[in-house]
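Written below as structure tokens is the structure these notes are about.
The numbers here are math on the coordinates, done by the rules we state, and not lab data. If you're wondering where the values come from, they're calculated on a predicted model, not measured in any experiment. Here the Cβ positions follow ideal geometry from the backbone for every residue, glycine too, while neighbour counts run over all protein chains shown.
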Amino acid sequence: MKFTKMHGAGNDYVYIDGFDEKIDNPVKLAQQVSQRHFGIGADGLILILPSEVADVRMRMFNIDGSEGAMCGNGIRCVAKYAYDHGLVDRLEMTVETGAGILSLVMFVGPSGLVSQVQVNMGVPRLTRREIPMSGRGTEPAVAIPLGIDHQQFEITCVSMGNPHAVVFVADVEQFPVTEIGPQIENHPWFSDRVNVEFVQIVNSAEVIQRTWERGSGETFACGTGASAVTVAGVLTGRTERKIVNHLRGGDLELEWLESGEVMMTGPAVEVFHGDFEPK
């Protein structure tokens, strides 16, 4: 089986071209290829597949084999692969995801290959039912208290196709992400679990983010999470609608448009390609 290893701001996945390869058990394959000591090593598996409603279809699987509806960093790499490998011949394209059909614009570097991609991440979903989250379904969850380990945290919840809980903290580097993250991820409020973003405000147009991703643990970046942070910053009065988000793997530029959509621009990088024999 041929594969390509790619990353967007350090959020790395193994990509399989489903136009050429047939995948019978993506759940098992995701678990195998994601292992960093016994497999290829990645935050998960992404399949690039034919679509009847868009240029290509994307399916994304976490390290534990669970399937996510969308991946903001992953979809940028899907667009890069599609253009660089001739699946599309123009710099604007659409991708079918579990969160709907998304539009992307690609920017080509001096090499003639895609280096940056802008994604229309769509309109955030804010009601508890849409996230999904327990409580009155039509109410948003903005700056609500959540008790963890005898501590009180304030969370703002947003769905960008995937559910996110955003926690603003004073010093994100010193915050115990690996301790608190899984407790919020598996809190009874969230029937499908939740991704957790821990965010430090630098100024009204700049933030620093660390991410605890459901099914994968701490990752170097999360595009849907960065989009949720943009929305949460505006809803809580902490940031402007246009920000730069510094993640462990690099920077993303984001803007929550007045029309409702969140626009995200960031890098897409091909690391290497090779052959893998599933067991």
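Stretched out fully, how many nm does the piece from residue 64 to residue 37 gain, at 0.36 nm a residue minus the Cα gap? Don't jump to the answer; show the numbers that get you there.
On the way: separation 27, 0.36 × 27 = 9.72 nm, distance 1.51 nm.
Here the segment from residue 64 to residue 37 would lengthen by 8.2 nm.
Quick check of the Kirkwood formula: for segment 72-140, what is the inverse mean of 1/r over all pairs of different Cα atoms, in Å?
For segment 72-140, inverting the mean 1/r across all distinct Cα pairs yields 13.7 Å.
Please compute the Kirkwood hydrodynamic radius of segment 144-260 from all pairs of different C-alpha atoms, in Å with one decimal.
Over segment 144-260, the inverse of the mean reciprocal pair distance is 14.0 Å.
Beyond 17 Å, what percent of the Cα pairs of segment 5-132 remain?
Here the long-distance tail beyond 17 Å is 58 percent of all Cα pairs in segment 5-132.
Would you list which aspartates and glutamates come within 15 Å of residue 279, measuring only between C-alpha atoms, while excluding same-chain residues fewer than 8 positions from it?
24
Given points 7 Å out from each Cα along the Cα-Cβ axis, report the residue 178 to residue 203 separation in nanometres with one decimal.
3.4 nm
Stretch residue 92-residue 186 to full length: gain in nm at 0.36 nm per residue minus the Cα-Cα span?
Values: separation 94, 0.36 × 94 = 33.84 nm, distance 3.78 nm.
So the chain would gain 30.1 nm between residue 92 and residue 186.
In cubic angstrom, how much convex hull volume per residue do the alpha carbon atoms of the chain span?
Working: hull volume 36.8 nm³, N = 279.
Taking only Cα atoms, the chain has a hull volume of 132 Å³ per residue.
Relative to the compact globular guide of 2.2 N^0.38 Å, what is the alpha carbon radius of gyration of segment 1-80, as a ratio?
0.99
Working out 0.36 nm times the residue gap between residue 23 and residue 101, then minus their Cα-Cα distance, what length gain in nm do you get to one decimal? Mind dumping the intermediate values first?
Numbers: separation 78, 0.36 × 78 = 28.08 nm, distance 2.24 nm.
Extra length available between residue 23 and residue 101 comes to 25.8 nm.
Percent relative contact order of the chain, based on C-alpha pairs within less than 8 angstrom and at least six residues apart?
Relative contact order comes out at 20 percent.
List the aspartates and glutamates whose Cα lies under 15 Å from the Cα of residue 242, skipping any in the same chain that are fewer than 8 positions away.
Candidates past the 8-residue exclusion: 206, 251, 253, 255, 258, 261.
Rg to Rh ratio, segment 104-172, alpha-carbon atoms and Kirkwood radius? Provide the component values of the computation, followed by the final result.
Numbers: Rg = 17.6 Å, Rh = 14.7 Å.
So for segment 104-172, dividing Rg by the Kirkwood Rh gives 1.20.
With equal scatterers on the alpha carbons only and no solvent term, can you work out the Debye log10 of I(q)/I(0) for segment 83-200 at 0.12 1/Å?
One equal scatterer on each Cα of segment 83-200 leads to -0.59.
Rounded to the nearest 500, what is the chain's calculated 222 nm mean residue ellipticity when only DSSP H runs of at least 4 contribute -39500 (n - 2.57) each, over all residues?
-5000 deg cm²/dmol
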